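For reference, the structure discussed in these notes is given below.
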Amino acid sequence: MLPKGTISKILDDFFSCLPIGDGEVQRALDEFFNGNRPAEEINEKRLAIINEWLVFDFRLASGLTVLEDYCRRNDNQFSEKEKKIYFDLCSTHRYGAFEILRVYRGKGMDIRDVRTGQDFFVQEYSLTRNVEKGNIFLNRVARVGDHWELVGADPVVLPIAKSTKRWQEITFGGADTITPRLAFSFLAGIDDDADLQSKTIDSQAARENFSKALEKFGLSRHINANTVADWWQKKNMKPLDVITIMRYLALDRALDDSFNELIEASFDFHNTLPNEKLGGKTPQEKILENPDYQPCFHSDAREIGDDCWYPFLQEAHEAMNADDFLEALKLWEKVFVAMRKNLVVRPDIFRFLPINRFAILRAASGCRAR
């Protein structure tokens, strides 16, 4: 494992190298923001992304990165173990967009670099509690000893469908498009692409796209755009609560990667609806007024946060299908704990109780975990 505090140690060393370090910092910020630094204060998560870029990607006047310069100046002070760690960091680190192929809870993930197609296993704990197969995330990986790890700032997960334009841009764009700047722009609610930046979501088009997505997944016989708008505007339901309901109505189709099209369409629809809490304005209008403040605004980028219950639900169903009911009970417990933590709407819990009771009865009858 990469020793905790390694990146902070390198940054502290860099910032202490005055007056050289001071001048380089200003040049680095101008380069990161293309000479257009934001006037407002940068929050901690986005600052961490800048620091990561500064250590691994920014080139000093010497032509070295901050990481390479640190290793060169401190080589004589490193133990053999430290030399191996820093050599691995310098020679193998890469930033990219990665697709999750399989999750091993608390252990790691099988991932694929969407640009190169290379598959490998990364040792990781925290992220495995919040993602599922098919998610795309932005981060930096590097070989540390005999395995790969995530060595960048907090990952930014992009639950976008492979059929969308955004996926095509990330996968087939120029090599310089997948950088920490991309993660920064997602978290800031601003896309660095000038073409995308100039576009806003048309409310009528968003409603029509959402209606088409409902029809595509067979949900139009249950709900329509007017129903969902009423839930959001009059019933004060959260967008993710509506997503939860649509997942249940879609059944197995919700497990397909293309279901993210409906999620994106629903977020676009939500972001163009007037909200009384926002003074009658839409979330989109508020974000355009102040890009760094995003009240009630939902996008296809999400940060790592509370435990997700949906991956545990999938694993519980898989365990029950395999007649491994004792294991299923453990997973159902994780489902309910995560739902309670995230204040999931009550009907969802009631829907699961009969299934959980069935697992309890089957486990009690002697169906033991293998």
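The values are calculated or read from the model by the stated rules, or taken from the named source; none is laboratory data. The structure presented is a predicted model; accordingly, all values stated were derived computationally and were not measured. Positions of Cβ are generated from backbone atoms using ideal geometry, with glycine treated the same way; all protein chains shown enter the neighbour counts.
Would you call A205 of a type in the set (A, V, I, L, M, F, W, C), loosely packed, with under 13 Cβ neighbours inside 10 Å, farther than 19 Å from G96 by Cα and modelled with pLDDT of 85 or more? Answer is yes for this residue. Of the helices (runs of 4 or more DSSP H) that lie entirely inside the range 217-293, those containing 2 or more residues that are at pLDDT below 80 span 239-250, 283-289.
Please determine whether any residue of the range 297-316 is part of a helix (DSSP H, G or I), more than 21 Å from the chain's Cα centre (by Cα) and modelled with pLDDT of 70 or more.
Yes, the range 297-316 contains at least one residue that is part of a helix (DSSP H, G or I), more than 21 Å from the chain's Cα centre (by Cα) and modelled with pLDDT of 70 or more.
Pairs meeting the criteria (first residue in the range 136-157 and in contact (Cβ under 8 Å) with a residue 12 or more places away in the chain, second residue assigned to a loop (DSSP other than H, G, I, E, B) and polar (S, T, N, Q), beta carbons under 7 Å, at least 6 apart or on different chains) are V157/N135. When each of A183, A142, A97, A153 is tested for being within 26 Å of K4 (Cα to Cα), assigned to a strand (DSSP E or B) and modelled with pLDDT under 90, the lone residue that passes is A97. Select, from F56, F33, F98, the only residue that is free of Cβ contacts under 8 Å to residues at least 24 places away in the same chain and not basic (K, R). Exactly one residue qualifies, and that residue is F33. Across the range 76-115, the number of residues qualifying as under 20 Å from V66 (Cα atoms) and among the basic types (K, R) comes to 3. Checking the range 33-52 against the condition returns no match, with no residue being more than 30 Å from E132 (Cα to Cα) and either in a helix (DSSP H, G or I) or in the same structural domain as L150 (by TED's automatic domain parsing) (or both). Screening A61 with (1) surrounded by fewer than 20 Cβ atoms within 10 Å (Cβ to Cβ); (2) within 29 Å of the chain's Cα centre (by Cα); (3) more than 17 Å from R143 (Cα to Cα) gives one miss only, at (2). Only a single item in (1) charged (D, E, K, R); (2) at pLDDT below 80; (3) within 18 Å of the chain's Cα centre (by Cα) is not met by D324, and it is number (3).
Here V66 fulfils each of the conditions (1) among the aliphatic types (A, V, I, L, M); (2) in contact with a strand residue (DSSP E or B) (Cβ under 8 Å, 6 or more places away or on another chain); (3) within 18 Å of L2 (Cβ to Cβ) apart from (2). Annotation note: of D75, D12, D30, the sole residue that is in contact with a helix residue (DSSP H, G or I) (Cβ under 8 Å, 6 or more places away or on another chain), assigned to a helix (DSSP H, G or I) and farther than 18 Å from V141 by Cα is D75. Can we say F210 is assigned to a helix (DSSP H, G or I), at pLDDT 90 or above and under 24 Å from the mean Cα position of the chain (by Cα)? The answer is yes for F210. The sole residue among T244, T200 that is in contact (Cβ under 8 Å) with a residue 40 or more places away in the chain, under 22 Å from N135 (Cβ atoms) and of a type in the set (S, T, N, Q) is T244.
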